[in-house]
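Q: Structure in structure tokens, see below.
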Amino acid sequence: MTRKFHVDGSSPEPDQVFVFGSNLSGYHGGGAARAAHRLYGAQWGVAEGMTGKSYAIPTVQERIAGPLTVDQIGEAVGRFIEFANANASTEFFVTRIGCGLAGHRDQDIAPMFASAPNNCSLPDTWAQYI
């Protein structure tokens, strides 16, 4: 399998779905979540899954009360990978979920995407951990 990477901080191609870290309230107020809402159709109140041209993976508790655990994020990443596999004709542009507001390290989050299918483009900063 040929792994796809994109430059961290770059924008997805028009045909790609923007994958971002969200909070359990589905309040997309800052960072990549804000971009997901403003530019890619992420809906308020949707904490996980696909809306518009975006896919939310929860990384922070409700009302941004603190980060979810690595295990909780890993479960949500697993659900995303299942979704990506089931939607093989859709291209996904994965941001550094869990590594901003949630405060986790790249080396803790990136390996969760080791089994991501070829239709997922990952941040180039994760290449060394996958």
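Since every read-out is calculated from the coordinates, none of them should be taken as a lab result. The shown structure was predicted, so the numbers you read here are calculated from the model rather than taken from an experiment. Methodologically, a virtual Cβ is constructed for each residue, glycine included, from the backbone with ideal geometry; neighbour enumeration extends over all protein chains shown.
Q: For the chain, what size does the Cα cloud have along each of its three principal axes, sorted from largest down, in whole Å?
A: So the extents along the principal axes, rounded to whole Å, are 39, 29, 26.
Q: Read phi for every residue in segment 93-98 and hand back ³J(HN,Hα) as whole Hz from Karplus 6.51 cos²θ - 1.76 cosθ + 1.60, θ = phi - 60°, with x for Gly and Pro.
A: For segment 93-98, the Karplus curve yields 10, 8, 8, 6, 4, x Hz.
Q: Write down the percent of antiparallel bridges among all DSSP beta bridges whose residues are both part of the chain, to the nearest 5.
A: Here the antiparallel bridges make up roughly 20 percent for the chain.
Q: Sum -39500 (n - 2.57) across every DSSP H segment of at least 4 residues in the chain, then divide by the residue count to get the 222 nm mean residue ellipticity, nearest 500.
A: So the helix-based figure for the chain works out to -7000 deg cm²/dmol.
Q: Sequence-distant or interchain residues sharing an amide H contact under 5 Å with Tyr55, placed H: which?
A: Amide H neighbours of Tyr55: Phe18, Val19, Phe20.
Q: Just rank His6, His104, His28, fewest to most, by other beta-carbon atoms within 10 angstrom.
A: By the 10 Å Cβ count, ascending, the order reads His6, His104, His28.
Q: For Thr2, Thr90, Thr51, which order do you get if you count the other beta carbons within 10 Å of each Cβ and list the fewest first?
A: Fewest to most other Cβ atoms nearby, the residues stand as Thr2, Thr90, Thr51.
Q: Could you please rank Ile81, Ile130, placing first whichever residue has the fewest other Cβ atoms within 10 Å of its Cβ?
A: With the fewest neighbours first, Ile81, Ile130 line up as Ile130, Ile81.
Q: Karplus couplings for segment 6-16 from phi (6.51 cos²θ - 1.76 cosθ + 1.60, θ = phi - 60°), rounded to Hz, Gly and Pro as x?
A: 10, 5, 4, x, 7, 9, x, 6, x, 8, 8
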